[in-house]
Amino acid sequence: MMSNETPILEVSNLSTGYGRFDVVRDVQLRVGTGEAVALLGPNGAGKTTVLNAIMGLVKVRKGQIFISGKNMAGLPAHRIARGHAAIAPEGRRLFLDQSVEDNLILGALHLRRDQDRVRKLLDSVYELFPVLRKYRDRQSTYLSGGEQQMVAIGRMLMADPEILLLDEPSVALSPVAVEIVVKALMELRRRGASLLLVEQRIDVAVRVCSRLYVMTHGEIVDEMTPEQVNQGGMSILNKYLG
Amino acid sequence: MQFILSGIAIGSIYGLIAMALAITFYVTRTINFAQGQLMMVTVMLTAMLSAAGTPVWLAMIIGLVSSCILGVLSYLIAIRPILQVNRFSFGWLVSTLGFAVILENGAALIWGPTSRSFPQMLISYRVPIGNAVLNGQQVLAIVVAIVLTIAFEVVRRRTFFGKLGMATAVDPDMAEAIGANTTVVAIVAFIVSALFAGIAGLLVGPTTFANPYLGSTFGTFGFIAMMIGGGTEKPVAAMFGGLILGVCAEGANALINSQASDWFPFLVLVIILIISPRGLFSSSSPLMRLRRPPAAKA
Ligand SMILES: Nc1ncnc2c1ncn2[C@@H]1O[C@H](COP(=O)(O)OP(=O)(O)OP(=O)(O)O)[C@@H](O)[C@H]1O
Ligand SMILES: [Mg+2]
């Protein structure tokens, strides 16, 4: 595959956790340039912890996290956020007392001296999610769950980072909203974005990604392609996911 | 009429200190119990420097800058290390009180425990309003409080930095994840907060004179004002708490007896916290519920 070029994201021997316990052990994963990779696993497997460690929100205890060849392990989140990675986190975590557009513009914090670029990014987010343009001045508390997820994805895109990190963007959404999110992720892939998608829904992961990692109990236990999933891998996956 | 106006004047001072407390609470969820002492430092330095012949304006600026520096130090020494170990720890209760004790005793050691004169500023002007009279300094306090409160709200809501402060207030981790250095945001909050406290000191100095124990009195009233208003939720509410407190205290002096302002405000605080535990202007207050249309039945 693309093993010769420097991948956008390379995580090696990552161990981390909370308190006395490591909830993530020896994780290896890579995302190539323009590749979309899924991280599947049951509740409590450690998926969010991996994503937050990449973003710098959880301290890395062991191992390295390379983004475009630069080791990010140990850097504070606000440094990693400067164009390296951006996250649409679990639970969306919008700044609920602020408007949709303010949430989006805050996402472009490190680009604020380049207002032209911020405008362009804002336009491309509104193009991806036209409904957000309509509600741009609305306080984000008053949005539906699907619309809030769109803001979270939009805010992540506003940073124009090397890698996009998405934590279960489909969770607790209506089928219509899931469809909008999936379409948007497919469009991002078409535009050449690199992304790491944490999911519990196999169907979403298979449609969006070209490679799937499976994680259980803090370790990566398997790796598959969508084709393998469709040719009988589904039953194995279902067993992992419980 | 007289007690309402002079209540609003002193309430503006309490309100500024209450806002100072609320601004740092807003961003860091901690209360800096050395806030009153920061105000005292501005007052003492301004008094000392102007007595030594420094122009008053320069003395005031040096006084304000010093309290800003001490405000940042109180954060870096007494608050940040504790939050870094555990964001939800209450250790800052003790450490900021300790910081206050050090500042207060340090000031008493340097300047002695007795009051010193403070520049007169506008206090000799008389401003008749209806059948009441305020002095120039009281009018200045009211005007400054109005201007600073409005300025604070405009900056918070309309500027990029204000929005970043709001983001940090609701979710510091997420603010970091969008690239905010939340330590810098907190430091700015402590500078703004020390400025509010220091300005309150300059406004009240000509009345109280310069005394190392000024900080405890005004710090306490500022804290009560913040709680009455609901400043833990939004800083402007603290200003309204200050105005209510000021009018209550002056009213108690005028209508009960001249010592009543020592205990009456505490009574008001207790009653208000029973009615509305998070303050009069908090979103959960019965007062605020009156204004809002009833929620639609789902
Ligand atoms: N802040 C925390 N403090 C302590 N333990 C935590 C914390 N966050 C997560 N954990 C624990 O770490 C383990 C992995 O959690 P994590 O959130 O990474 O799982 P996940 O795979 O994202 O699960 P889910 O699909 O339910 O979101 C769990 O056992 C969880 O209880
Ligand atoms: Mg998770």
### Message
Quick check on my filter: what residues within the range B:259-298 are part of a loop (DSSP other than H, G, I, E, B) and modelled with pLDDT of 85 or more?
### Response
B:Q259, B:W263, B:S276, B:P277, B:R278, B:G279, B:L280, B:F281
### Task
Take B:A186 and decide whether it is under 20 Å from B:S66 (Cα atoms) and buried (at least 16 other Cβ atoms within 10 Å of the Cβ).
yes
### Query
Yes or no: A:R112 within 9 Å of chain B (Cβ to nearest Cβ), more than 18 Å from B:D173 (Cα to Cα) and of a type outside the set (G, A, S)?
yes
### Task
Within the range A:44-68, track down each residue that is within 12 Å of ligand 2 (Cβ to nearest atom), away from chain B (no Cβ under 14 Å) and in contact with a Gly (Cβ under 8 Å, 6 or more places away or on another chain).
A:A45, A:G46, A:K47
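crowded, with 22+ Cβ neighbours inside 10 Å, away from chain B (no Cβ under 14 Å) and of a type in the set (A, V, I, L, M): which single residue out of A:A85, A:A77, A:A36 fits that description?
Exactly one residue qualifies, and that residue is A:A36.
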### Query
So how many residues does the range A:148-179 have that are away from ligand 1 (no atom under 16 Å from the Cβ) and either under 11 Å from A:V125 (Cβ atoms) or buried (at least 20 other Cβ atoms within 10 Å of the Cβ) (or both)?
14
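Has the range A:161-179 got at least one residue that is β-branched (V, I, T), under 25 Å from A:R113 (Cα atoms) and out of contact with any helix residue (DSSP H, G or I) (no Cβ under 6 Å at 6 or more places or on another chain)?
Scanning the range A:161-179 turns up at least one residue that is β-branched (V, I, T), under 25 Å from A:R113 (Cα atoms) and out of contact with any helix residue (DSSP H, G or I) (no Cβ under 6 Å at 6 or more places or on another chain).
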### Task
Assess whether A:V37 counts as being in contact with a Cys (Cβ under 7 Å, 6 or more places away or on another chain) and among the β-branched types (V, I, T).
yes
### Message
It is to be established whether one or more residues within the range A:35-52 are under 29 Å from A:G242 (Cα atoms), under 14 Å from the mean Cα position of the chain (by Cα), more than 16 Å from ligand 1 (Cβ to nearest atom) and in contact (Cβ under 8 Å) with a residue 40 or more places away in the chain.
### Response
yes
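Tell me the helices (runs of 4 or more DSSP H) entirely within the range B:118-181 that contain at least 2 residues that are under 18 Å from A:Q139 (Cα atoms), aliphatic (A, V, I, L, M) and touching a residue at least 40 places away in the same chain (Cβ under 8 Å).
So the answer is none; nothing clears 2.
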#### Entry: Pair list, Cβ < 6 Å and 6+ apart or interchain, from the range A:105-134 residues that are under 9 Å from A:M158 (Cβ atoms) to residues that are of a type in the set (V, I, T)
A:L106/B:I178; A:G107/B:I178; A:A108/A:V118; A:L109/B:I178; A:L111/A:V118
### Summary
The strands (runs of 3 or more DSSP E) lying entirely within the range A:161-242 that contain at least 3 residues which are away from chain B (no Cβ under 14 Å) and either away from ligand 2 (no atom under 16 Å from the Cβ) or in contact (Cβ under 8 Å) with a residue 12 or more places away in the chain (or both) are A:195-199, A:211-216, A:219-224
### Summary
Restricted to the range B:191-223 and to residues being farther than 10 Å from B:Q35 by Cα and touching a Cys at 6+ places or on another chain (Cβ under 8 Å), the residue surrounded by the fewest Cβ atoms within 10 Å (Cβ to Cβ) is B:I191
## Note on the structure
Subset of the range B:158-189, residues more than 7 Å from chain A (Cβ to nearest Cβ) and among the charged types (D, E, K, R), comes to B:R158
### Task
For residues that are more than 16 Å from ligand 2 (Cβ to nearest atom) and under 19 Å from A:V198 (Cα atoms), tally how many sit in the range A:82-107.
4
### Summary
Residue count, the range A:216-242, condition surrounded by 15 or more Cβ atoms within 10 Å (Cβ to Cβ), closer than 29 Å to A:F21 by Cβ, touching a strand residue (DSSP E or B) at 6+ places or on another chain (Cβ under 6 Å) and of a type outside the set (F, W, Y), comes to 5
### Of all residues in the range A:95-109 being assigned to a helix (DSSP H, G or I) and more than 7 Å from every other protein chain (Cβ to nearest Cβ), the one that is surrounded by the most Cβ atoms within 10 Å (Cβ to Cβ)
A:V100
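The values are calculated or read from the model by the stated rules, or taken from the named source; none is laboratory data. Everything quoted here is computed from the prediction, not taken from an experiment. Using ideal geometry, Cβ is built from the backbone for each residue, glycine included, and neighbour counts are taken over all protein chains shown.
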